[in-house]
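Participant: Mind looking over this structure? Questions follow.
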Amino acid sequence: MADEKTTGTEVSEAQIAVHWKEEEYYEPPVSFIAQANMTDEDVLERFGEQNFPNCFKEYADMLDWYEYWHTLLDESNPPFWKWFVGGKLNACYNCVDRHLPKYKNKAALHFVPEPEGEPILHMTYQELYRRVNEFAALLKDFCGLKRGDTVTLHMPMILELPIVMLACARIGVIHSQVFSGFSGKACADRIVDAKSKVLITADAYYRGGNLIDHKEKADIAVAEAEKDGQHVEKVLIWQRYPGKYSAKTPLVEGRDFIVNDILPRYYHQIVEPERMNAEDTLFLMYTSGTTGKPKGAQHSTGGYMAYVTGTSKWIQDIHPEDVYWCMADIGWITGHSYIVYGPLALAASSVIFEGVPTHPDAGRPWRVAEELDVNIFHTSPTAIRALRRVGPDEPAKYNYSFKHMTTVGEPIEPEVWRWYYNVVGKKKAVIVDTWWQTETGGFLCSTIPALHKMKPGSAGPGVPGIYPEILDDNGDPLPRGSNKAGNIVIRNPWPGRMLTIWGDDERFLNQYYARYNKDRNSKDWHDWPYFAGDGAVEAPDGYFRILGRIDDVINVAGHRLGTKELESASLLVPEVAEAAVVPVPDPIKGHRPHVFVSLKPGIQPDPAIQQKVSDTLAKEIGPIAKPGKVWIVPDMPKTRSGKIMRRVLAAIAAGKDPGDVTTLANPQVVDEIKKQA
Ligand code: PRX
């Protein structure tokens with residue numbers, strides 16, 4: 001089945017690629033180059049393959065180590081490579097303590113509440129240090145958490161989220177933050193997989209003008225986890241308004257605790273940072289894969305921290321003087337790497353924005369940028385498309401000035417890129433289009449902003465120390481620069497890559513390495529290309545253009561949703577017999593899922609069933625999973641061996657010709673489905 005679908009997607013994406021014209025280059029502004037962290041062309045040579053893996057010493061040296069590592073890369077057990085072996089460090093120390101002598105009175109975080117009437121909160125490094133320490137003391141003493149334990153967070157975008165993450169890191173507790181937009185059930189699945197006994201959440205947060213009761217999700221999460229055998233002992237609840245409980249859902253006696261009630265016991269306490277081994281786990285970040293169960297990307301302390309610090313410095317061009325705003329949610333990998341760990345390791349001032357970019361109007365982000373004098377801005381094509389559609393002339397009304405802008409998470413159309421450059425950046429900011437994944441920890445492809453020209457729609461070459469290549473289905477490299485579509489792989493190990501999938505080494509191996517590894521016994525990393533699951537082309541200039549996923553994963557607004565996960569949720573609706581989910585291009589979100597369902601015998605099609613499917617997906621997974629359309633079909637188009645032809649459904653949903661369907665077992669059904677288009 002996988003082959004059938006893979007071919008389907010590849011063909012259609014490749015066809016799109018054929019119609020692309022080569023875009024013209026944009027030069028980085030001289031004003032940017034004059035101040036950039038990385039302007040030395042020698043870096044390309046230093047991080048060239050001939051200097052691998054020693055090049056990554058430069059990234060490790062951006063960190064403070066309690067004990068310096070003795071082995072840069074342990075290659076003895078591919079693909080479970082270990083970086084900086086023998087090294088001991090603490091991520092929290094690197095993000096907080098080490099900045100105190102120079103920057104204690106400088107803002108580490110700016111919290112921008114969604115309601116514009118509420119003041120922006122500014123937290124200095126000194127205050128962050130205090131808050132992190134007292135919460136670390138609470139985690140240890142009140143929750144009994146210790147090094148190596150896991151804890152699940154289901155926190156919205158509030159100031160306390162990075163505080164909790166850093167407190168966990170300080171005491172060696174592995175945090176697993178679940179995106180707050182995910183449902184209680186989705187949170188439960190992740191609690192069960194991580195075996196967390198403590199859940200940290202918040203009572204409420206603002207979204208699109210409403211104060212949302214978030215605590216109700218905690219009750220569902222705990223109850224659902226219990227059903228699957230995982231008992232949550234304590235739920236810690238932060239208050240959106242300290243001292244006031246803003247949720248309607250009542251507290252459960254003996255289980256739920258308001259953090260602000262407990263915290264005074266730990267005021268002024270200082271907790272020594274744990275001396276973690278470089279390869280100890282820092283956090284888990286769940287992401288969707290080809291099977292229904294979300295997988296916990298298990299990220300390391302030393303390799304990950306070195307990688308996000310290095311790429312934040314050179315690709316994001318973060319200096320301590322910068323005001324840096326990444327508009328992603330910390331609940332995704334982008335927020336972990338490029339709101340919290342990377343920027344704070346460099347002593348930046350990082351902005352945390354609670355709300356929706358277009359609320360109350362599309363001028364909001366630019367007002368925030370003006371107010372805080374943000375000079376580095378980072379967001380997704382989905383946000384850029386939405387802001388362009390609702391407020392194409394808004395940026396010009398505000399007096400802010402970006403030196404650097406990032407786009408991440410999905411391919412950006414050259415038209416949209418140009419609006420970002422001309423209107424948002426006012427032709428004065430450099431843009432990096434960063435291609436990477438939850439699993440990779442940090443950027444894989446991007447231009448180095450002061451050294452490379454920009455090309456709209458292309459991510460660029462591999463970043464320093466990353467050697468990408470395009471392979472065909474047999475594992476043979478396509479000719480370099482041929483603009484032919486194939487599967488992008490990274491030929492080498494790198495420090496930011498996750499250690500494994502939490503609790504499932506076999507799945508890790510199969511998902512990312514089995515496809516192109518020809519000899520499981522080989523110790524030579526050259527035999528272990530990392531299979532990213534994206535289609536891509538490489539232009540003659542060595543720039544990679546990403547075409548999209550080739551597996552059963554739908555990229556909605558820059559975030560991955562597993563089709564299997566959506567299909568199994570649809571089957572929870574009692575009337576549904578069979579479900580198939582396909583990605584359909586969407587002008588704002590990149591793609592949206594369309595759900596095709598066939599009904600059980602005797603049940604008549606009814607709009608109420610469509611609504612039920614849509615509601616179930618929102619409830620089970622979260623509003624992000626809401627389908628663009630639910631189709632009720634008499635039967636699924638199937639091959640003679642009974643496999644659902646998702647390619648045919650995807651074509652119909654996108655209003656395209658499904659091609660030759662004569663080989664199907666039931667070709668007549670295609671016409672019936674088309675009538676509903
Ligand atoms: O398909 C690629 C797309 O997003 C996928 C990774 O999603 P996730 O793990 O949720 O991480 C998102 C943030 C890093 C990739 O496999 N993708 C990511 N960045 C880009 C992209 N597609 C095109 N261009 C990008 N810059």
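The values are calculated or read from the model by the stated rules, or taken from the named source; none is laboratory data. Every value quoted in this text rests on a predicted model; they were computed, and no experiment measured them. A quick note on method: Cβ atoms are made from the backbone with ideal geometry, for glycine too, and the neighbour counts reach across all protein chains shown. Protein only, heavy atoms only, side chains kept; ligands, DNA and RNA dropped before computing areas. Shrake-Rupley method; radii C 1.70, N 1.55, O 1.52, S 1.80 Å.
Participant: Please state which of the following conditions F283 fails to meet, knowing it meets all the rest: (1) more than 16 Å from the ligand (Cβ to nearest atom); (2) within 23 Å of F142 (Cα to Cα).
Facilitator: Failing condition for F283: (1).
To keep it simple, each residue is scored yes or no on (1) free of Cβ contacts under 8 Å to residues at least 40 places away in the same chain; (2) open to solvent by 10 Å² or more (accessible area, probe 1.4 Å); (3) within 17 Å of D472 (Cα to Cα).
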residue: D519; (1), (2), (3): yes, yes, no
residue: K523; (1), (2), (3): no, yes, no
residue: V537; (1), (2), (3): no, no, yes
residue: D541; (1), (2), (3): no, yes, no
residue: L547; (1), (2), (3): no, yes, yes
residue: I554; (1), (2), (3): yes, no, no
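Participant: Can you tell me which residue within segment 306-336, out of those that are within 13 Å of the ligand (Cβ to nearest atom) and polar (S, T, N, Q), is surrounded by the most Cβ atoms within 10 Å (Cβ to Cβ)?
Facilitator: T311
One line per residue, one yes/no per condition, for (1) over 21 Å from G342 (Cβ atoms); (2) at pLDDT 95 or above; (3) open to solvent by 20 Å² or more (accessible area, probe 1.4 Å); (4) in contact with an Asp or Glu (Cβ under 7 Å, 6 or more places away or on another chain):
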residue: F257; (1), (2), (3), (4): yes, yes, yes, no
residue: N260; (1), (2), (3), (4): yes, yes, yes, no
residue: L263; (1), (2), (3), (4): yes, yes, no, yes
residue: Y267; (1), (2), (3), (4): yes, yes, yes, yes
residue: R275; (1), (2), (3), (4): yes, yes, yes, no
residue: M285; (1), (2), (3), (4): no, yes, no, no
residue: T291; (1), (2), (3), (4): yes, no, yes, no
residue: S300; (1), (2), (3), (4): no, yes, no, yes
residue: Y304; (1), (2), (3), (4): no, yes, no, no
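Participant: For segment 628-648, does any single residue satisfy the condition of being out of contact with any His (no Cβ under 6 Å at 6 or more places or on another chain), open to solvent by 20 Å² or more (accessible area, probe 1.4 Å) and within 29 Å of L387 (Cα to Cα)?
Facilitator: Taking every residue of segment 628-648 in turn, none turns out to be out of contact with any His (no Cβ under 6 Å at 6 or more places or on another chain), open to solvent by 20 Å² or more (accessible area, probe 1.4 Å) and within 29 Å of L387 (Cα to Cα).
Participant: Something else now. Could you say which residue among Y93, Y59 is open to solvent by 60 Å² or more (accessible area, probe 1.4 Å) and either touching a Cys at 6+ places or on another chain (Cβ under 7 Å) or assigned to a helix (DSSP H, G or I) (or both)?
Facilitator: Working: Y59 fails: open to solvent by 60 Å² or more (accessible area, probe 1.4 Å).
The conditions single out Y93.
Participant: Still on this structure: Working only within segment 389-409, note down all residues that are out of contact with any Cys (no Cβ under 8 Å at 6 or more places or on another chain), open to solvent by less than 20 Å² (accessible area, probe 1.4 Å) and not in a helix (DSSP H, G or I). Quick ask: steps written out before the conclusion?
Facilitator: Looking only at segment 389-409, we keep the residues that are out of contact with any Cys (no Cβ under 8 Å at 6 or more places or on another chain), and these are 389-405, 407-409.
Among the residues that remain, those that are also open to solvent by less than 20 Å² (accessible area, probe 1.4 Å) are: 391, 395, 400, 402, 404-405, 407-408.
Once the filter is applied, which keeps residues that are out of contact with any Cys (no Cβ under 8 Å at 6 or more places or on another chain), open to solvent by less than 20 Å² (accessible area, probe 1.4 Å) and not in a helix (DSSP H, G or I), segment 389-409 yields G391, Y400, F402, H404, M405, T407, V408.
Participant: Would you confirm whether any residue within segment 368-388 is assigned to a loop (DSSP other than H, G, I, E, B), within 16 Å of the ligand (Cβ to nearest atom), touching a helix residue (DSSP H, G or I) at 6+ places or on another chain (Cβ under 9 Å) and open to solvent by less than 30 Å² (accessible area, probe 1.4 Å)? Can you show your working first?
Facilitator: At the first step, the residues of segment 368-388 found to be assigned to a loop (DSSP other than H, G, I, E, B) are 373-375, 380.
This time we only want the ones that are within 16 Å of the ligand (Cβ to nearest atom), so: 380.
Okay, now just the ones that are also touching a helix residue (DSSP H, G or I) at 6+ places or on another chain (Cβ under 9 Å), so 380.
Narrowing further to those that are open to solvent by less than 30 Å² (accessible area, probe 1.4 Å): 380.
Yes.
Participant: Let me ask something else. Give, as residue ranges, the strands (runs of 3 or more DSSP E) completely inside segment 137-227 that count at least 1 residues that are small (G, A, S).
Facilitator: Values: elements: 150-153, 174-177, 198-202, 204-207, 210-213.
Qualifying strands (runs of 3 or more DSSP E): 174-177, 198-202, 204-207.
Participant: Tell me the residue from Y530, Y512, Y467, Y543 that is under 25 Å from the mean Cα position of the chain (by Cα) and away from the ligand (no atom under 16 Å from the Cβ), please. Before the answer, list the steps.
Facilitator: Values: Y530 fails: away from the ligand (no atom under 16 Å from the Cβ); Y512 fails: away from the ligand (no atom under 16 Å from the Cβ); Y543 fails: away from the ligand (no atom under 16 Å from the Cβ).
The unique qualifying residue is Y467.
Participant: For a quick check of your reading: which strands (runs of 3 or more DSSP E) sit entirely within segment 286-361 and have at least 1 residues that are more than 22 Å from F32 (Cα to Cα)?
Facilitator: Working: elements: 295-300, 323-326, 349-353.
Filter on segment 286-361 gives 295-300, 349-353.
Participant: Could you look through segment 432-464, keep only residues that are away from the ligand (no atom under 11 Å from the Cβ) and assigned to a strand (DSSP E or B), and pick out the one that is farthest from K484 (Cα to Cα)? Outline the logic, then answer.
Facilitator: Taking segment 432-464 first, the residues away from the ligand (no atom under 11 Å from the Cβ) are 447-456, 461-464.
Those still in the list that are assigned to a strand (DSSP E or B) too: 454, 462.
Working: M454: 21, G462: 17 Å.
The extreme case among them is M454.
Participant: So P623 clears everything in (1) under 21 Å from P381 (Cα atoms); (2) touching a strand residue (DSSP E or B) at 6+ places or on another chain (Cβ under 9 Å); (3) surrounded by fewer than 17 Cβ atoms within 10 Å (Cβ to Cβ) except one condition, right? Which one?
Facilitator: Among (1) under 21 Å from P381 (Cα atoms); (2) touching a strand residue (DSSP E or B) at 6+ places or on another chain (Cβ under 9 Å); (3) surrounded by fewer than 17 Cβ atoms within 10 Å (Cβ to Cβ), the lone unmet condition for P623 is (2).
Participant: Here is a check on your reading of the model: is S246 open to solvent by 20 Å² or more (accessible area, probe 1.4 Å) and part of a loop (DSSP other than H, G, I, E, B)? Spell out how you get there, then give the answer.
Facilitator: Values: open to solvent by 20 Å² or more (accessible area, probe 1.4 Å): yes; part of a loop (DSSP other than H, G, I, E, B): yes.
Against the criterion (open to solvent by 20 Å² or more (accessible area, probe 1.4 Å) and part of a loop (DSSP other than H, G, I, E, B)), S246 qualifies.
Participant: Given the conditions (1) away from the ligand (no atom under 16 Å from the Cβ); (2) part of a loop (DSSP other than H, G, I, E, B); (3) under 21 Å from the mean Cα position of the chain (by Cα), and given that D551 satisfies all but one, which numbered condition is not satisfied?
Facilitator: All conditions pass for D551, except number (1).
Participant: So if I check each of A577, A608, which one is farther than 30 Å from T447 by Cβ, assigned to a strand (DSSP E or B) and open to solvent by 40 Å² or more (accessible area, probe 1.4 Å)? Please lay out each step first, then the result.
Facilitator: Working: A608 fails: assigned to a strand (DSSP E or B).
Selected residue: A577, the only one of A577, A608 that is farther than 30 Å from T447 by Cβ, assigned to a strand (DSSP E or B) and open to solvent by 40 Å² or more (accessible area, probe 1.4 Å).
Okay, residues lined up against (1) modelled with pLDDT of 95 or more; (2) open to solvent by 10 Å² or more (accessible area, probe 1.4 Å); (3) of a type in the set (D, E):
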{"site": "K453", "(1), (2), (3)": "yes, yes, no"}
{"site": "A459", "(1), (2), (3)": "yes, no, no"}
{"site": "E469", "(1), (2), (3)": "yes, yes, yes"}
{"site": "N492", "(1), (2), (3)": "yes, no, no"}
{"site": "D551", "(1), (2), (3)": "no, yes, yes"}
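Participant: Give the number of residues within segment 191-215 that are farther than 26 Å from Y241 by Cβ and open to solvent by 10 Å² or more (accessible area, probe 1.4 Å). Before the answer, list the steps.
Facilitator: Here is the first cut: in segment 191-215, the residues farther than 26 Å from Y241 by Cβ are 191-197.
Subsequent filtering for residues that are open to solvent by 10 Å² or more (accessible area, probe 1.4 Å) retains 192-193, 195, 197.
Residues flagged as farther than 26 Å from Y241 by Cβ and open to solvent by 10 Å² or more (accessible area, probe 1.4 Å) within segment 191-215 amount to 4.
Participant: Report yes if some residue within segment 66-82 is assigned to a loop (DSSP other than H, G, I, E, B) and among the acidic types (D, E); otherwise report no. Show your work before the answer.
Facilitator: First pass over segment 66-82, keeping only residues assigned to a loop (DSSP other than H, G, I, E, B): 66, 68-70, 75-81.
Filter again for among the acidic types (D, E), leaving 75.
Yes, that holds for at least one residue.
Participant: When residues of segment 443-473 are filtered for being touching a strand residue (DSSP E or B) at 6+ places or on another chain (Cβ under 9 Å) and more than 22 Å from S31 (Cα to Cα), how many remain?
Facilitator: To start, the set of residues in segment 443-473 that are touching a strand residue (DSSP E or B) at 6+ places or on another chain (Cβ under 9 Å) comprises 443-450, 452-463, 466-473.
Add one more test, that the residue is more than 22 Å from S31 (Cα to Cα), and what stays is 443-445, 457-459, 461-463, 466-473.
Residues flagged as touching a strand residue (DSSP E or B) at 6+ places or on another chain (Cβ under 9 Å) and more than 22 Å from S31 (Cα to Cα) within segment 443-473 amount to 17.
Participant: I'm trying to understand the selection: among the residues of segment 163-189, which are within 29 Å of K626 (Cβ to Cβ) and either open to solvent by less than 10 Å² (accessible area, probe 1.4 Å) or hydroxyl-bearing (S, T, Y) (or both)? Before the answer, list the steps.
Facilitator: From segment 163-189, those within 29 Å of K626 (Cβ to Cβ) are 164-165, 175-189; that's our starting set.
Scanning segment 163-189 gives V164, M165, H175, S176, Q177, V178, S180, S183, G184, A186, C187, A188.
Participant: Considering each residue of segment 410-426, count those that are more than 15 Å from the ligand (Cβ to nearest atom), of a type in the set (A, V, I, L, M) and crowded, with 20+ Cβ neighbours inside 10 Å, and give that number.
Facilitator: 1
Participant: Name the residue that is farthest from the ligand (Cβ to nearest atom), counting only residues in segment 559-573 that are surrounded by 23 or more Cβ atoms within 10 Å (Cβ to Cβ) and assigned to a strand (DSSP E or B).
Facilitator: G562
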